[in-house]
């Protein structure tokens, strides 16, 4: 899983579609990551371009994660490190 967080903070908003296309193309060029899931996150009120315009087929609106949900997320997707909310909170 590749999480591209803060797309609304991307320094070149007019090139968001190009970024998305480049990441999708890399998946098709490297067989070992063909099943890689890519998640883009953004603040909905930040003026993010229309999802139809940039070719994003599916989107969901998520509320903020609670500390327990953050820990559960890392248990599921980061099996090597097993980070917790407290671990992440304490990273400088």
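Modelled spin labels at residue 87 and residue 69, positioned 7 Å past Cα toward Cβ, are 2.1 nm from each other. Residue order for 74, 40, fewest other beta carbons within 10 angstrom first, comes to 74, 40.
May I ask you to compute the full-extension gain from residue 43 to residue 60, defined as 0.36 nm times their residue separation minus their alpha-carbon distance, rounded to one decimal in nm? Stretched out fully, the residue 43 to residue 60 stretch lengthens by 4.9 nm. Cβ crowding within 10 Å ranks 30, 38 as 30, 38, fewest other Cβ atoms first.
Listing 14, 87 from fewest to most neighbouring C-beta atoms within 10 Å gives 14, 87.
Between residue 18 and residue 80, what FRET efficiency follows from the Cβ-Cβ distance if R0 is 25 Å, with the result rounded to 0.05?
Working from the Cβ atoms, E equals 0.20.
Values in this text are rule-based calculations from the coordinates and carry no lab data. The model shown is predicted, which means the values in this text are computed figures rather than measured ones. Using ideal geometry, Cβ is built from the backbone for each residue, glycine included, and neighbour counts are taken over all protein chains shown.
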